[in-house]
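First the structure, in the form of structure tokens, and then the observations on it.
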Amino acid sequence: MTIFFYENDLPDSFIAGDAVAIDSETMGLNIKRDRLCLVQFSNGDGNAFLVRFSNNYDCPNIKKILSNHEVQKIFHFARFDLACLKYYLKCNINNIYCTKIASKLVRTYTDSHGLKSICEELLGIEISKKQQSSDWGGAIISDKQQEYAASDVLYLHSLRDKLTAMLEREKRLIYFQQCLQFLTTRVDLDLQGFENLDIFAH
């Protein structure tokens, strides 16, 4: 694995391929209060590309990838990342795959749907989450932080393939696809202040 680190945007030379894994790191979980600090990418080749932001979100290369209909964007818990990216980068994202939604639909034998648990079961890979709640807005992103950030995207292509096979086996792929179609609307509702409301509840 090689980690490439950039400021404010991906280089022109970055090739997303037909699918790119994406994750984000913020100062907290309140999107409008806690700014976006880092976005991670992997095109499935075993390398990670990290982009740090310092209140400047003019990143044409990233926005080009996010808005490209031909490139699938793979997330784990896409709901948060999509809302964060839309709020700070001011772009709409399409062609989405969420490994957390897939896991919840097909791994009904467990309540453990975090990335760490899924990687351990489906890939036999142990990842550390120790840096998850660290300070991502500092002047220096430590080596341990970079390794953690990279681990959040390195395995998403493989998880996508495993989970898709399980969804097909259990005949739930259609429900997964329908959930993804609604996801962008769910994100818009979150950004409008409905994040804590189940609109389908009584």
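What to note about this one:
- Where [x] -0.25, -0.49, -0.70, -1.40; [y] -0.44, -0.64, -0.79, -1.18; [z] -0.32, -0.59, -0.80, -1.22 are the candidate values, the label of the one calculated here for log10 I(q)/I(0) by the Debye sum over Cα atoms at q = 0.08, 0.11, 0.13, 0.18 Å⁻¹ is [x].
- Summarising the amide proton neighbourhood of ILE96: residues at separation of 5 or more, or on other chains, whose placed amide H is nearer than 5 Å comprise LYS73.
- As a calculated quantity, the FRET efficiency between GLU7 and ARG169 at R0 = 35 Å, using C-beta atoms, amounts to about 0.20.
- Distance violations [Cα-Cα > 32 Å] among LYS144/LYS171; LYS86/LYS130; LYS90/LYS171; LYS63/LYS171; LYS73/LYS129; LYS129/LYS162: LYS144/LYS171; LYS90/LYS171; LYS63/LYS171
- Per-residue HN-Hα couplings for segment 6-15 [Karplus 6.51, -1.76, 1.60; θ = phi - 60°; Hz; x = Gly/Pro]: 9, 10, 6, 6, 6, x, 4, 7, 5, 10
- Per-residue ³J(HN,Hα) for segment 83-90, Karplus 6.51 cos²θ - 1.76 cosθ + 1.60, θ = phi - 60°, Hz, x for Gly and Pro: 5, 5, 5, 5, 5, 8, 9, 6
Where a number appears in this text, it was derived from the coordinates with a stated rule and is not lab data. Fair warning: this is a prediction, and the values are worked out from it, not measured in the lab. For neighbour counting, all protein chains shown are included, and Cβ atoms are generated from backbone atoms with ideal geometry for every residue, glycine included.
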